[in-house]
Structures are given as C-alpha cells and as structure tokens.
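Since the structure comes first, as structure tokens, the remarks are kept for the end.
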Amino acid sequence: MAADSCPGCGAALADDPNGPHHKYMTASSGCWQAFGEILAAEFGRPGWGHEHRLTVDTYAAQHPGEGDRRQRQSVAIHLVALCHRLERGLDAHSLLAATQRMTAEKREWPRLTAPHTYDLTVVDVLGASTAEEHLALVRRWAEATWEAWSDEHATVRGWADAALGAAGRA
C-alpha cells in the first residue's frame, strides 16, 4: 500500500480505505493506526503517559474534520485545552471540569479555519525510544500545533477564559 497524505495532518502514511478510521476526525487509516501506537506506548510503558491529555488534544486539533457539529465542538474543546495547558500551565486534572462543561453545552460552535500544514505530526512522535524523549516530542508537537492555529488564537483564548470562568462558578 502506497503512502498517502493524511487529510488532517498531512503525514505521509499508508491509507487503507477499508482500514480503521475515527468516526468524525479526518485522519487516514495509517495516521489513526500511528496514533493508536502512541497511545499503546503511553498506556503500556512506565512514564510515557504523563502527557497523555496533551497527546490527545494535539492529535484532535490536527484532524478537525469538515465542519459538522461534533467536529466543530471537538476542535473548540481540544484547542481550548491546548491553550490552557501551553499558555496557562494548567494540568490535565484542572482542565477536566472546564472541558466537560464545554462538551455538555448545547452550543453551535463556529467552524475555525484549520492550518494548511503542521511542522510536526504523529510520525515525529513515533520515533521516541525513551519516556523522556517521548514526553519532549509530545510537548514540541503540541507547541507546533498550537502555533499552527495562530490565526484562531484570539477566538480560542476567549473560549478558554469563558471555560475557566464557568468552572470557577460551579
């Protein structure tokens, strides 16, 4: 099977139209499989999962979909989480209440303009051989992804502020 570009992140990975795909993220089957390998490492190797939330938020932000309601909500929530984690230093536990409230909202999230390219993808993270290397790569991947969405930072920061406010009122 020839390598193809993932329609979400652009990574050159084999795609099998009959292979496993996410229900609404725009990822090739090869990219989805690579993400699964990263998750298996995070759950199966000591120390590799310390930034699991950052891994998930980064992958989701790179695979925004075509714009249906679930896709727009997913992009909003994962970008807000990246903003909180990378700019405000919130840990995964602190993010949970804010993102759960965002998920529960009956809101029509607008479609954001996704970046055309990403400097780092799942392929770059797959090469890690130690927990320390993996965690550093996940952090760089997240930072590069957040930077790629810079045209939407003002909108996402507004949502992030509102999400923190809602979490604080609960």
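The values are calculated or read from the model by the stated rules, or taken from the named source; none is laboratory data. Just so you know, these numbers come straight off a predicted model, no measurement behind them. Quick reminder, even Gly has a Cβ in these numbers, built from the backbone with ideal geometry, and neighbours come from all protein chains shown. Keep in mind that these areas ignore ligands, DNA and RNA; they rest on the heavy atoms of the full protein, side chains included. Shrake-Rupley method; radii C 1.70, N 1.55, O 1.52, S 1.80 Å.
Would a scan of segment 14-22 turn up a residue that is among the aliphatic types (A, V, I, L, M) and open to solvent by less than 30 Å² (accessible area, probe 1.4 Å)?
no
For segment 12-41, which positions are closer than 12 Å to VAL125 by Cβ and more than 15 Å from the chain's Cα centre (by Cα)?
GLU37, ALA41
Quick check on my filter: what residues within segment 150-170 are modelled with pLDDT of 95 or more, open to solvent by less than 40 Å² (accessible area, probe 1.4 Å) and under 20 Å from ALA92 (Cβ atoms)?
VAL156
Give the residue, chosen from LEU120, LEU135, that is farther than 20 Å from ALA160 by Cβ, in a loop (DSSP other than H, G, I, E, B), open to solvent by 10 Å² or more (accessible area, probe 1.4 Å) and at pLDDT 95 or above.
Every option except LEU120 fails the conditions.
Go through segment 1-54 and give me each residue that's aliphatic (A, V, I, L, M) and either more than 23 Å from GLN71 (Cα to Cα) or touching a helix residue (DSSP H, G or I) at 6+ places or on another chain (Cβ under 6 Å) (or both).
Those that are aliphatic (A, V, I, L, M) and either more than 23 Å from GLN71 (Cα to Cα) or touching a helix residue (DSSP H, G or I) at 6+ places or on another chain (Cβ under 6 Å) (or both): MET1, ALA2, ALA3, ALA11, LEU13, ALA14, ALA34, ILE38, ALA40, ALA41, LEU54.
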